[in-house]
Amino acid sequence: MLRGSLEGDDLDRYVEQAVMTTTLDRAVAWAQGNSIYPLTFGLACCAIEMMSIVAARLDIARFGFEAFRASPRQADLIILSGRVSMKMAPVIRRIYDQMLEPKFAISMGACCSSMGVFNNYALVPSDKFMPIDVHVPGCPPRPEALAHGILKLRDKVQGTDREGWRERYGAVGTEEILGA
Ligand code: SF4
């Protein structure tokens, strides 16, 4: 090509097919969205559905999400899979605070998002004590629904909205400013 074997329209076509340009930010977002490390963490029956997303049928390894980490310091996604009791909420919040930025949270199932069928004084919805990026409805949500939520999260990560949760929720320190 450099010796003149391609010229004019042929050269334009070759360059369009062979060369890709992008920005560093978009390349980083692409890599980040395809290499999310979820935390090994389950709360209730929804967790059983969550476990199956790494098995052969759905195999979220296809999207770079399969490496569940045992420490919050090595994870950037927490999936709240099940109902959250008042007692458990501060524990979850502490685990979330121990994760490094940028970090994300999926609320899985009706219990976690709205207290679901166990709507009583002992439970608390996840939005009340931490920022949630994606809600996956259902009781339990099928593994396909969780996979859909994960792909929604990937879209968010790869889109323009890439700030940490403090910017997204107008937070100061470790406190969200609700309604900001
Ligand atoms: S939403 Fe349904 S499956 Fe999930 S924790 Fe609640 S009762 Fe269990």
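The values are calculated or read from the model by the stated rules, or taken from the named source; none is laboratory data. Please read all numbers here as calculations on a predicted model, not as lab measurements. Note: ideal-geometry Cβ built from the backbone for every residue, glycine included; neighbour counts use all protein chains shown. The area values use the complete protein model at the heavy-atom level, side chains included, leaving out ligands, DNA and RNA. Shrake-Rupley method; radii C 1.70, N 1.55, O 1.52, S 1.80 Å.
Got a number for carbon plus sulfur as a percent of the chain's accessible area, 1.4 Å probe?
Carbon plus sulfur share of accessible area: 57 percent.
Please give the per residue volume of the convex hull enclosing the alpha carbon atoms of segment 36-162, rounded to a whole number of Å³.
Expressed per residue, the convex hull around the Cα atoms of segment 36-162 is 90 Å³.
Give me the accessible area of Lys103, 1.4 Å probe, in Å² rounded to the nearest 10.
Roll a 1.4 Å probe over it and Lys103 shows about 10 Å².
Within segment 25-70, which trypsin sites (Lys or Arg not before Pro) sit in a loop by DSSP and count at most 11 neighbouring Cβ atoms inside 10 Å?
Arg57
Normalised by the number of residues in segment 36-162, what is the relative contact order in percent for Cα pairs under 8 Å and 6+ residues apart?
Worked out over segment 36-162, it gives 26 percent.
Scanning the chain for GluC sites (Glu not before Pro) in DSSP loops with at most 12 other Cβ atoms within 10 Å, what's the longest stretch left with none?
Here the longest segment lacking exposed loop sites spans 8-162.
When the chain is treated as a GNM, springs tying every alpha-carbon pair under 10 Å, which of Ser71, Ser107, Ser126 comes out with the largest mean-square fluctuation?
Ser71
Taking the full set of protein chains and a 1.4 angstrom probe, give the accessible area of Leu100 in square angstrom, rounded to the nearest 10.
110
Among bridges DSSP assigns within the chain, what percent are antiparallel (round to 5)?
So the antiparallel bridges in the chain amount to around 15 percent.
Give a residue-ordered list of calculated ³J(HN,Hα) values for segment 134-150 (Karplus: 6.51 cos²θ - 1.76 cosθ + 1.60, θ = phi - 60°; whole Hz; x for Gly, Pro).
Rounded to whole hertz, the list is 9, 9, 10, x, x, 8, x, x, 5, x, 5, 5, 5, 4, 4, x, 5.
Given the alpha-carbon gyration tensor of segment 111-158, what are the semi-axes of its equivalent ellipsoid in whole angstrom, ordered largest first, with each equal to the square root of 5 times an eigenvalue?
Listed largest to smallest, the semi-axes of segment 111-158 are 23, 14, 4 Å.
Go through Met20, Met130 and list them by solvent-accessible area, largest first, probe radius 1.4 Å.
Met20, Met130
Report, in deg cm²/dmol and to the nearest 500, the calculated mean residue ellipticity at 222 nm for the chain, where each DSSP H run with n ≥ 4 adds -39500 (n - 2.57) and the sum is divided by the residue count.
Value at 222 nm, helices only: -9500 deg cm²/dmol.
Applying the Karplus parametrisation 6.51 cos²θ - 1.76 cosθ + 1.60 with θ = phi - 60° to the phi angles of segment 32-44, what ³J(HN,Hα) value in whole Hz is obtained for each residue in order, glycine and proline being reported as x?
Here the 3J(HN,Hα) series is 5, x, 9, 8, 7, 9, x, 7, 6, 6, x, 10, 7 Hz.
HN-Hα J couplings of segment 118-124 from phi, Karplus 6.51/-1.76/1.60, θ = phi - 60°, integer Hz, Gly and Pro as x?
9, 5, 8, 5, 7, 10, 9
List the lysines whose Cα lies under 16 Å from the Cα of Lys128, skipping any in the same chain that are fewer than 8 positions away.
Here the lysines satisfying the reach criterion relative to Lys128 are Lys87.
Please report the accessible area of Cys112 (heavy atoms, 1.4 Å probe, ligands and nucleic acids excluded) in Å², nearest 10.
Approximately 0 Å² of Cys112 is accessible to the 1.4 Å probe.
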